[in-house]
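Worksheet: one structure, shown below.
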Amino acid sequence: MSFMYGKLNEDREVIEATREEWSESFSDPSKRVVQQDSIDGGWFVSTVFLGLNHAFSGGQGIWFESMVFRPDGQTSDERRYRTWNQAKRGHEEILARLEKEIGKRSRPPTEHELTRYGYRKIQA
């Protein structure tokens, strides 16, 4: 996929979008958040659909990103993926690693935690 702007179809596959369609698709965050979790002690893991192809040197599109925020708010890990399923698996792998390293279980984030990192609660 060599196009720049993308959006997700009903099957969560990336399809080409105009800049206007891409912008419109971001009005509903529930359509772009793959998963978000917190780990007690202030850790936050967020995996989202970026909508912009991050394969800057060409080749297959890189459309999803996981970020790990430490208790001090700095990022400690960032990973990118080509598909929703890869992003979901990557998010789960990050959680498993952090749970093992930190010794605490993950859980859904609170509204306060979401706000701290610039997100808002997703209505299911």
Restricting the range 51-67 to residues that are in contact with a helix residue (DSSP H, G or I) (Cβ under 6 Å, 6 or more places away or on another chain) and not polar (S, T, N, Q), the residue that is farthest from residue 99 (Cα to Cα): 51
Odd one out for residue 122, checked against (1) within 19 Å of residue 31 (Cβ to Cβ); (2) at pLDDT 95 or above: (2)
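Just checking, which of 38, 57 is out of contact with any Pro (no Cβ under 9 Å at 6 or more places or on another chain) and of a type outside the set (Asp, Glu)?
Result: 57 is the single residue among 38, 57 that is out of contact with any Pro (no Cβ under 9 Å at 6 or more places or on another chain) and of a type outside the set (Asp, Glu).
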Scan of the range 69-90 for residues that are modelled with pLDDT of 95 or more, out of contact with any Lys or Arg (no Cβ under 9 Å at 6 or more places or on another chain) and not basic (Lys, Arg), ordered by number: 86
Candidate set from the range 38-55 (those that are in contact with a strand residue (DSSP E or B) (Cβ under 6 Å, 6 or more places away or on another chain) and part of a strand (DSSP E or B)); member that is surrounded by the fewest Cβ atoms within 10 Å (Cβ to Cβ): 48
Test: residue 35 is touching a strand residue (DSSP E or B) at 6+ places or on another chain (Cβ under 9 Å) and either of a type in the set (S, T, N, Q) or in contact (Cβ under 8 Å) with a residue 60 or more places away in the chain (or both): yes
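So which residues in the range 78-87 are surrounded by 13 or more Cβ atoms within 10 Å (Cβ to Cβ), closer than 20 Å to residue 56 by Cβ and of a type outside the set (S, T, N, Q)?
Once the filter is applied, which keeps residues that are surrounded by 13 or more Cβ atoms within 10 Å (Cβ to Cβ), closer than 20 Å to residue 56 by Cβ and of a type outside the set (S, T, N, Q), the range 78-87 yields 79, 80, 81, 82, 87.
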Check on residue 72, touching a helix residue (DSSP H, G or I) at 6+ places or on another chain (Cβ under 7 Å), of a type in the set (Asp, Glu) and free of Cβ contacts under 8 Å to residues at least 40 places away in the same chain: no
Residues being assigned to a helix (DSSP H, G or I), within 18 Å of residue 50 (Cβ to Cβ) and basic (Lys, Arg) - total across the range 75-124: 2
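The values are calculated or read from the model by the stated rules, or taken from the named source; none is laboratory data. Just so it is clear, the model here is predicted, and its values are computed rather than measured. Cβ: placed from backbone, ideal geometry, glycine included. Neighbour counts: every protein chain shown.
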